[in-house]
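Below is one structure; the comments refer to it alone.
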Amino acid sequence: MKSEQPTIDFEKSLGPWIGRTSKITDYYLQEAMQRHGLDLSKEQMIVLKKLHVQDGVNQNELAQLIYRDKSSLARLLSKMEKKDFILRKQNSHDKRINAVYLTQTGRLIFEKSRVAIEEVIDIMENNITKKEKQIVIEILKKVQYNFTNENLAQLPPK
């Protein structure tokens, strides 16, 4: 005799809606970058944005800031160095630590990417009120908090 498993209605959970929205946003962002003649991925754009705010951040901190593991960030930064978007400098006291800096080319590309980003934001937020936008942001913050280590540690063991 088969035991009855509870039915999970994925379409009524947040997961697929967040996932689809993320994929659609990524697609439109990539299309906008190409339309503007920018050879820039979403991940590269995120690095440029973080460095625009905090230039010279160490590579390990950057990995945490953009939610990437160290090895995938190292590969991403290598590609960005080849494009002359960033420069890594070794710490003189500890050779294992690299600080990451924007180059002049990286600054220029970041500034050019702003137009493409604004286009995508305008499409994304069309017909959404400021109040609705704030509600969505607050809900997504709660979802992100739910995945934090301190919150997960409070869950009862299975």
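Read the figures in this text as sums done on the coordinates, not as results from a lab. The shown structure was predicted, so the numbers you read here are calculated from the model rather than taken from an experiment. Here the Cβ positions follow ideal geometry from the backbone for every residue, glycine too, while neighbour counts run over all protein chains shown.
Of the listed pairs 82/141; 12/42; 83/133; 42/70; 49/89; 70/112, which have alpha-carbon separations greater than 25 Å here? Numbers along the way, then the final one.
On the way: 82/141 35 Å; 12/42 28 Å; 83/133 36 Å; 42/70 18 Å; 49/89 19 Å; 70/112 28 Å.
Beyond 25 Å: 82/141; 12/42; 83/133; 70/112.
Could you pull the Cα extents of the stretch 22-120 along its three principal axes, largest to smallest, in whole Å?
Principal-axis extents of the Cα atoms in the stretch 22-120, largest first: 44, 27, 22 Å.
Residue by residue through the stretch 42-54, which ³J(HN,Hα) values in whole Hz follow from phi under the Karplus form 6.51 cos²θ - 1.76 cosθ + 1.60 (θ = phi - 60°), with glycine and proline marked x?
4, 4, 5, 4, 5, 4, 4, 5, 4, 6, 4, 7, 9
Students often check this: by mean Cβ neighbours within 10 Å, which of 26-39, 115-128 ranks highest, and how do the rest follow?
On the way: 26-39: 14.9, 115-128: 12.9.
Ranking the peptides 26-39, 115-128 by packing returns 26-39, 115-128.
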